[in-house]
Amino acid sequence: MPQNQSGTGITRRRMIGVTGAGVATTLLAGCGSGGTAETDSDGGTEESTDSGGGSGEQALMWEYGFPNTQGVEPVWRNTFEAKYEELAGEELTISRFAYEDLRQKFLTGARTGDPDAIEGTLSHFSEYLAAGHLAQLDDLANELDYFDGYIDNAIDAMRYQGDLYALPYEGNARAFFVRQDILDELGQDIPETVSDFHEVGRMINEEYDDVVAYHNCTKDGSVRAFQEFMSHIYQHTDNMYVPEGDSWSLNVEAETIGQVFDNWYYQMYAVDNPVADPDDLGTGWQTNDPGYINGNYAFIEGGTWIRNWTSGENINDSDTAQDILDNKTQIAHFPRGEGASKGTFLEIKPVMANAHSDQLEKAKTAVQAYTHPDVLSEGMAQDPEASGSAMTPVHEDVESTIDSENWEALTEIFETGRALAQVTWGPVREEFYTYMQQVAYGETDPYDAGEQFHSALQDLESEI
Amino acid sequence: MSTQSAGLSRYGEEFKTFLSETWLGYVMVIPATLILAVIIGYPILRGIQLAFYEASLLNPEQMQYIGLENFLRLLEDTTFQGALWRTILLTGIVVSLQYLLGLGLALVLREKVPGVEIFRSLSMVTWVIPVIVMVIIFRFLVQNGFGPVNIILGNLGMETSYWFGQRGPAFILVIIMHVWRNVPFYAIALLAGMTAIPKEQYEAARLDGAGALQRFRYVTLPQISTVSMIMIILHVTFTFKNFDIVYLSTGGGPLGSTEVLATYVYKQAFEQYALGYGASIGVVMLIIMLVFTVVYVQYESAE
Amino acid sequence: MANTDDASTGVVQRIDAWLDEDMSVRRAGIVYVVLGLYFAFLLLPIVYMLLASFTSQDFLFSPELIPSLSDLTINNYVSVLTIGEFQRYFVNSTIIAVATTALVLTVGILAGYSMSRFEYPGRRGLLYAFLSTQMLPIVLILIPFFLLMYDLNLIDSHLGIVVAHSVIGIPLGTWLLKGYIDDIPESLDEAAMMDGGSRFDVLVRIIIPLSMPGIAVAGFYTFILSWNDFLLVSILSQTEATRTLPFGLQLFQAQNAVAWNLLITAAIITMVPVVLLFALAQKWVVEGLASGGMKGM
């Protein structure tokens, strides 16, 4: 990365800012709409002009973790707020943003010091880290007597070059959702190899008019599509990139990528007798999850959140959905291709503190409260709207909420999960969509696409 | 002001009027100008400046001047060129359809048939739906299996598919969404323009023996030419830089078949972290739009 | 002016003759058919939305076209309307959209009048400059814009959002108003000034009343723009206190799930005031001007 000066830029910006503020205020006051200014005294604007005093202002936290069903008591959120109050002796402001907005806003504006704490995903974590927005949390961890209780691969994902920059609160691994009832009717076992899966899938497509064997996400830009792809990469390697000196080194063969493309995209959509439905090409999770829950698909790749789809008034109150998830679904490891072993994409959700916050102590307290085992077991696990979130907890003091033996395999699958390395994944994802769609739409031979994607990934080694 | 001697010549008086008139003109335009200059002019200048730098989203404070390198890269970037062509094509098709359909709608809404007020009131309804909701609706309509469009096609024995996932149809759907959303606004603006035409002009034309089509061509069209021009430029700009309709519906896919400049810029800035390169694409967009606007406005006023 | 040397004149006159003939009934018939076609295209997706807002999610995911009576429910409306945050967003949206419209119309009428009636150097260039501010995708200027608003202390405040929305509304509003003002004969100005009126009197007594349709269009345009904006609010809003409805639709979306029926219901509720407002505005403008407006002069 080029190093250059920008100090002048900031000064100029401030200058214009100051003159501009006067102008704008005068103008607006003169134009009769200044009245609105009086209504906006709350929020984070006031303290941000203090020169970093860290005064008595409430901390601000952005998150997207709490469930959001309306009209139901938010058990988890309440527990969190109570815990924060207990630790900090005051309240905090929580603001909810969808991940996409959260990421965009934080990358744009974290330097202003707001928000103080932020919840997110692992790929956000790598980006915030690379941008220098995250405060180190080792001193906080040292104060926590329960710190050792977090599971190892969750904590590992929160570290960068040995230092801790986040604490985990939720973990889930991608798993194979299987319609056991359909397999039973056909007298088939859960497929363990990809070729068995293709065979069973084609059988289902032949025998059933209203069920398609499989669906996965192929929409351009779909985060879920990338995660599904990574699940299959993790069946072959522990990490797509491994650190090498100051840079990253690609740790997967072109042949392997080609095989994953072949098994999970080419055979699914592009061949003459496809396992999935080519008419579903270009869809994302909005088709995937409801499709499975409504009985349209026999297999999908999913996670614990699917359990939440039937609870509350939120999504689907039909008996069909309940029946499919309670009685007909069996959770299993993904079928494995040649040379593959058990492995899957592991999602660990981090909570982080803004390095630019002018009240870092409160920010850390928010991180502490959000990830506190008490909050996880008394809040998350007890919240009927989040019953999926605590199925595979990240702390040993929290009991799993799995209550059906069909779902028990999740615990074991969770242990085979690999978390994303601290790579800035944006450019990798962009390349992925291009080659994945080329394969799924039958434009490019999967192994050729594997070659090309592989060399694109190599080119990215120094950039990410 | 009154210190000027009364003995000034006629020219002096005129000069004074000119001065005060000009002064008044400036004063009235200043509030709008200042707000724009401060709130958006400055960020735009910074944005243009970025086009000559290499800058990363992850570290925007550290930027390096690289001259025209970003622009030279554009010359070799086939994805950019594809997106540029597609954006121009999309804009051309969308705005032509919108204008023709909008004009047609304005003409029928002008007719004084019983109940036309209801149609007028309802007409803007597509325009006020948040884009995200419009996209959700359209995605639902063409959903494979349970989308109404596919249910109907299926019953007719025709091919069904998730149409946003098919290369040609995805582009057509993007066009349809643009048209569906904005036609009413054209209609209302043109209708307002037509309403302002004095009835006497129609009477005069009628007395001259002009029929309905001739009256439309020689009275209506010239009188709404300014509004037409404004609507066209407004929507050319809107369509050319539109991001959310494409991004939310197809993300630019499948296989890049709906990738437009705005989605490409977004991906450059927020996925590739290439702020400088993204900005250079923005500058190209700005130049194209400015040239279009200037040429079009000159052409219209020359007429 | 009505005479042409077009070869098509013959055809044109034939069609005209036919149109002018027995009029009313026949013409009205054609108008209704055309209206029918337009509104089928425009309204079918909306009808589908309305249906969806009165059914449970199950219907949406079923391969049925028409819901059965037992699918119908008003639960969605009850749920959405009783959400505290939703009511708050509604208030925020209203305050912001009204203030933005007032601001844009005020500065827009002044600027439009100035550009239409005054001669001064740089007038045309200024208009281009106004318009050019709309030609860059906002994502590109996001960071400098955010930092500027931060320096102006306009983050997470209603005022900040109003100013930001105005910036989008002013160029087009000004231009639109200038266009309508251009269409007002200058002889009216001159007549008023002969009577001893100042420029300001002309503005208040002639320009504003006569450009009402334009003001209504520009005002409505600005209102909608502000009411529907997502991006700028998403940049400037840091807490619940400044959220507006489109941004608030996130209430119905979670990480991996969307409550489609509530989302669509909320969208419909979001639309209702705007449709009502437009119904009022258009009646006042289109009907009012044609009859009363012109007599005022």
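Okay, residues lined up against (1) more than 9 Å from chain C (Cβ to nearest Cβ); (2) free of Cβ contacts under 8 Å to residues at least 40 places away in the same chain:
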{"site": "B:212", "(1), (2)": "no, yes"}
{"site": "B:229", "(1), (2)": "no, no"}
{"site": "B:240", "(1), (2)": "no, no"}
{"site": "B:244", "(1), (2)": "no, no"}
{"site": "B:247", "(1), (2)": "yes, yes"}
Exercise. Would you confirm whether any residue within segment B:9-28 is basic (Lys, Arg) and modelled with pLDDT under 90?
Key: yes
So is residue A:110 away from chain B (no Cβ under 14 Å) and either in a helix (DSSP H, G or I) or on the phi > 0 side of the Ramachandran plot (or both) or not? no
Worksheet item: Is it the case that some residue within segment B:237-245 is of a type outside the set (Phe, Trp, Tyr) and modelled with pLDDT under 90?
Response: yes
Return a yes/no flag: does segment B:145-167 have any residue that is surrounded by fewer than 21 Cβ atoms within 10 Å (Cβ to Cβ) and touching a residue at least 60 places away in the same chain (Cβ under 8 Å).
yes
Considering residues that are crowded, with 23+ Cβ neighbours inside 10 Å, facing another protein chain (nearest Cβ under 7 Å) and assigned to a loop (DSSP other than H, G, I, E, B), the number found within segment C:153-172 is 3
Within segment B:267-287, is there a residue that is closer than 13 Å to residue C:135 by Cα, within 14 Å of chain A (Cβ to nearest Cβ) and part of a helix (DSSP H, G or I)? no
Across segment C:131-152, the tally of residues that are among the hydroxyl-bearing types (Ser, Thr, Tyr), assigned to a helix (DSSP H, G or I) and within 24 Å of the chain's Cα centre (by Cα) stands at 1
Taking segment C:38-94 and keeping residues touching a strand residue (DSSP E or B) at 6+ places or on another chain (Cβ under 8 Å) and among the charged types (D, E, K, R) leaves C:71
Those residues of segment A:210-251 that are hydrophobic (A, V, I, L, M, F, W, C) and under 22 Å from residue A:414 (Cα atoms) come to a total of 9
Of the conditions (1) of a type in the set (Val, Ile, Thr); (2) over 30 Å from residue A:98 (Cα atoms); (3) touching a residue at least 24 places away in the same chain (Cβ under 8 Å), the single one that residue C:204 does not satisfy is (3)
In segment C:217-230, residues that are more than 15 Å from residue B:134 (Cβ to Cβ) and hydrophobic (A, V, I, L, M, F, W, C) total 5
For segment B:83-98, the count of residues that are farther than 15 Å from residue B:168 by Cα and surrounded by fewer than 19 Cβ atoms within 10 Å (Cβ to Cβ) equals 5
Note on segment A:374-410: residues over 21 Å from residue A:333 (Cβ atoms), in contact with a helix residue (DSSP H, G or I) (Cβ under 8 Å, 6 or more places away or on another chain) and crowded, with 20+ Cβ neighbours inside 10 Å are A:375, A:379, A:380, A:383, A:385, A:386, A:387, A:389, A:390, A:395, A:398
Within segment C:173-214, the count of residues that are closer than 22 Å to residue B:192 by Cβ and outside any helix (DSSP H, G or I) comes to 4
Checked C:129, C:97 against criteria (crowded, with 21+ Cβ neighbours inside 10 Å and assigned by TED's automatic domain parsing to the domain that holds residue C:269); the one match is C:97
Confirm whether residue C:86 is touching a residue at least 60 places away in the same chain (Cβ under 8 Å) and either surrounded by 15 or more Cβ atoms within 10 Å (Cβ to Cβ) or more than 10 Å from every other protein chain (Cβ to nearest Cβ) (or both).
yes
Meets criteria (farther than 17 Å from residue A:332 by Cβ, modelled with pLDDT of 95 or more, touching a Ser or Thr at 6+ places or on another chain (Cβ under 9 Å) and of a type in the set (A, V, I, L, M)) for residue A:130: no
Scanning segment C:132-147 residue by residue, those facing chain A (nearest Cβ under 7 Å) and either surrounded by fewer than 23 Cβ atoms within 10 Å (Cβ to Cβ) or in contact (Cβ under 8 Å) with a residue 24 or more places away in the chain (or both) turn out to be C:142, C:146
Here the residues within segment B:237-246 that are in a helix (DSSP H, G or I) and either hydroxyl-bearing (Ser, Thr, Tyr) or buried (at least 21 other Cβ atoms within 10 Å of the Cβ) (or both) are B:237, B:239, B:240, B:241, B:245, B:246
For segment C:134-159 the number of residues that are modelled with pLDDT under 90 and either outside the structural domain of residue C:174 (by TED's automatic domain parsing) or not aliphatic (A, V, I, L, M) (or both) is 3
Across (1) of a type in the set (Gly, Ala, Ser); (2) touching a residue at least 60 places away in the same chain (Cβ under 8 Å); (3) surrounded by fewer than 21 Cβ atoms within 10 Å (Cβ to Cβ), residue A:213 clears everything bar (3)
Test for residue C:76: is it modelled with pLDDT under 90 and more than 9 Å from chain B (Cβ to nearest Cβ)
yes
Filter segment B:174-208 for residues that are surrounded by fewer than 22 Cβ atoms within 10 Å (Cβ to Cβ) and away from chain C (no Cβ under 11 Å); the one that is nearest to residue B:232 (Cα to Cα) is B:175
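The values are calculated or read from the model by the stated rules, or taken from the named source; none is laboratory data. What you see is a predicted model, and the numbers here were worked out from it, not measured in a lab. Methodologically, a virtual Cβ is constructed for each residue, glycine included, from the backbone with ideal geometry; neighbour enumeration extends over all protein chains shown.
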